[in-house]
Amino acid sequence: MQNITTIFGAPGCGKTTYLIGVLKDLLKTYAPEEIAFVSFTKKGAYEGKERALEKFKQFTHAQFKFFRTLHSIAFSVLGYNRQRVIGKHHYKQFSKALGMRFTGYYTEEFYHTDDQYLFYYFLKNNNPKTASIYDDTIDQWKANFVEHNYIKFKEWAGVKDFDDMLLEFIARNEPLPVKVAIIDEAQDLTCLQWNFCEVAFRNCEKIFIGGDDDQAIYEWSGSDIDTFLSLPGDRVILDKSYRMQDKLLKYSKRFTNLIGKRVDKVFDPVGAGGGIYYHNTLDSVPLTEDESWYLLSRNNCFLKQYSDILKGHGYVFTHKHKRSIHQNMIHAINCYERKRSGKELDIDDELLVRKFLRIDYERGTPWYEALSFDVSDLDYYRNIIKTKGHQKDTNFHVSTIHGVKGGEADNVVLMMDITRNVRKNVERNPDSEMRCLYVGCTRARKNLHIVYSTGRSGYDDILRV
């Protein structure tokens, strides 16, 4: 009979550290090859592996062979190679064949694009109940057409997608040769992935499952929170957050208190303090460069407002993990100015400058007249060159809430604007939106800045509860 323990870890409670402690005890009895450490994301799985290797130096990388994502395990066990996995060029081929456009990349903002039909197909594989929400809103004839031809295309191209791997592994019905399984980020697993775990870890003596139902924000892509909440066995609730200050912890409870189905978690803050501030406009948020900042929104379409504000201040930032400035362009500008002052350039720098030179440039003119440039960014780059042209790092990060799950910053700015579709989801599935708000505000170590919505749709009414 399996011994199952579920570990519930609120934001900043050190869940992964706890699981590594569990691993330390397990290694007294089991060999590394007898233990699986799996996660919903590559980051989670590889963090577990790297931390294990760092802590247990007597073992080799190869010995932790089941410290991977679920898809990676299926890929390895089934003996696949990269050529057999569908890629971007396959989606381009498929798009051309059907006269449609498929990217193979999905967010919940897929509406009104051809990707919605493949998304619907994948969602039916991963969580039929969630997929049924879209039954009445999607063109079923076109969805069936795309599904039929997508399956035929994969057969013709001799490739599989990630869901195919899990389905094939489940159909083989052969458990992994491990005695213990540690499953991290379990609140994000889909029905299909839970089925995979059931087969893979059927023969395990012990299973440890870590997660936080309050941070389950991937229901739109098929995560099965009901299975996570109904797991049998013992429960461990980590009772201290090493991130959240007292005021931030109390504020976050207004969202979890509105979640209908959840596990109650009582835990202590890291200390007294923390600030909650409200703003009518982004302009009033007191941005500073000496601390880290997350500037967050529920939807991608509102992120440009953050970018515009940061550019106006002349700050370097990342937008969805991409830097706001191109280092090659900064280097080209500095090289051009060195050349203009009479200094010699090496061949590589000379070629770089020529790459950006305008055809009609005149010798001796400043870089902003000589180099080809996006006019909308010209003032921004001029400001950057004057103040921080050699800056490599930045404390400002612009992202959706989903994009920073698992991360933290000293300060979080949370925009209350939402799209019409999210507004509908608030009415249809309020728990999922409460969890999203909870994840957003619990990224903050020190201060949370709430910016009221400027349109008709916003989270503002929830804040007034």
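The values are calculated or read from the model by the stated rules, or taken from the named source; none is laboratory data. Quick caveat, the model's predicted, so the values are computed rather than measured. Cβ: placed from backbone, ideal geometry, glycine included. Neighbour counts: every protein chain shown. Surface accessibility is based on the protein's heavy atoms, side chains included, excluding ligands, DNA and RNA. Shrake-Rupley method; radii C 1.70, N 1.55, O 1.52, S 1.80 Å.
Determine the gain in length on full extension of the stretch Arg423-Ala171; use 0.36 nm per residue of separation and subtract their C-alpha separation, reporting nm with one decimal.
Value of the extension gain: 86.8 nm.
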When the charge dipole of the chain is computed with +1 at the Cβ of Lys and Arg and -1 at the Cβ of Asp and Glu, the Cα pointing farthest to the positive end, of Val77, Pro366, Pro269, is that of Pro366
Charge dipole (debye, nearest 20) of segment 65-192; +1 at Cβ of Lys and Arg, -1 at Cβ of Asp and Glu: 680 debye
What's the carbon and sulfur percent of segment 21-157's accessible surface, probe 1.4 angstrom, rounded to a whole number? 52 percent
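About the Cα centre, and with charges only on the beta carbon of Lys, Arg (+1) and Asp, Glu (-1), how big is the dipole of segment 133-244? Nearest 20 debye, please.
Working: 11 positive and 23 negative charges, 97 e Å.
Roughly 460 debye, rounded to the nearest 20.
Using 0.36 nm times the number of residues separating Gln58 and Asn257, minus their current alpha carbon distance, what extension gain do you get? Could the numbers behind the result be given before it?
Working: separation 199, 0.36 × 199 = 71.64 nm, distance 4.59 nm.
Answer, rounded to one decimal: 67.1 nm.
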The helix 303-313 Cα axis meets the longest alpha-carbon principal axis of the chain at an angle in degrees, between 0 and 90 and rounded to 10, of 40 degrees
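Show Arg323, Arg435, Arg101 ordered by accessible area, largest first, where the area counts protein heavy atoms only and the probe is 1.4 Å.
Values: Arg323 75, Arg435 5, Arg101 165 Å².
So, going from the largest accessible area down, we get Arg101, Arg323, Arg435.
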Among His89, Asn125, Thr107 the positive-end extreme of the charge dipole of segment 87-132 (Cβ point charges): His89
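So if we plug the beta-carbon distance of Ile133 and Lys88 into 1/(1 + (r/R0)^6) with R0 = 35 Å, what FRET efficiency do we get, rounded to 0.05? Could the numbers behind the result be given before it?
On the way: r = 28 Å, r/R0 = 0.81.
Step by step, r from the Cβ atoms, then E = 0.80.
Would you please give the FRET efficiency between Thr113 and Asn149, computed as 1/(1 + (r/R0)^6) with r the Cβ-Cβ distance and R0 = 30 Å, to the nearest 0.05? Don't skip to the answer; put the middle values down first.
Working: r = 17 Å, r/R0 = 0.57.
According to the calculation, E is roughly 0.95.
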Taking the Cα-to-Cβ direction at Thr29 and at Ile462 and moving 7 Å from each Cα, how far apart do the two end points lie in nm? 4.2 nm
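Quick one: Cα convex hull volume of segment 265-359, Å³ per residue?
Details: hull volume 20.7 nm³, N = 95.
Per-residue hull volume (Cα only) is 218 Å³.
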Long-range HN-HN contacts of Lys240 with modeled amide H, under 5 Å: Asp268
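Once you've got the Cα coordinates, tell me which of Lys152/Lys206; Lys24/Lys265; Lys65/Lys142; Lys55/Lys304 are over 31 Å apart. Write down the numbers at each step before the final one.
Values: Lys152/Lys206 41 Å; Lys24/Lys265 25 Å; Lys65/Lys142 42 Å; Lys55/Lys304 42 Å.
With Cα atoms farther than 31 Å apart: Lys152/Lys206; Lys65/Lys142; Lys55/Lys304.
Using only Cα atoms, figure out Rg for the chain and give it as a multiple of 2.2 N^0.38 Å. Walk me through the numbers before you get to the answer.
Working: Rg = 25.1 Å, N = 465, 2.2 N^0.38 = 22.7 Å.
Here the answer is 1.11, to two decimals.
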Which value, in Å² rounded to 10, gives the accessible area of Phe356 with a 1.4 Å probe and all protein chains present? 40 Å²
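Taking the solvent-accessible surface of protein heavy atoms with a 1.4 Å probe, what is the per residue accessible area of segment 317-408 in Å²? Numbers along the way, then the final one.
Values: 5640 Å² over 92 residues.
Heavy-atom SASA per residue in segment 317-408 reads 61 Å².
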As a test of reading the structure, rank Tyr150, Tyr452 by solvent-accessible area (1.4 Å probe, protein chains only), most first. Tyr452, Tyr150
Of Leu166, Leu192, Pro177, which is farthest on the positive side of the dipole of segment 149-209, counting Cα position, with +1 on Lys and Arg Cβ, -1 on Asp and Glu Cβ, and the Cα centre as origin? Pro177
Residue separation times 0.36 nm, minus the C-alpha to C-alpha distance between Glu289 and Lys42: what's the value? 85.8 nm
Between segment 437-459 and segment 209-247, what is the C-alpha centre distance in whole Å? 21 Å
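About its Cα centre, what dipole magnitude does the chain give when the only charges are +1 on Lys and Arg Cβ and -1 on Asp and Glu Cβ, stated in debye to the nearest 20?
Numbers: 66 positive and 62 negative charges, 110 e Å.
That gives a dipole near 520 debye.
Please compute the net charge surrounding Leu345, taking Lys and Arg as +1 and Asp and Glu as -1 over other residues with Cβ under 9 Å from its Cβ. The partial results should precede the final answer.
Values: positive: Arg338, Lys339, Lys343; negative: Glu344, Asp346, Asp348, Asp349, Glu350.
Every neighbour counted, the sum reads -2.
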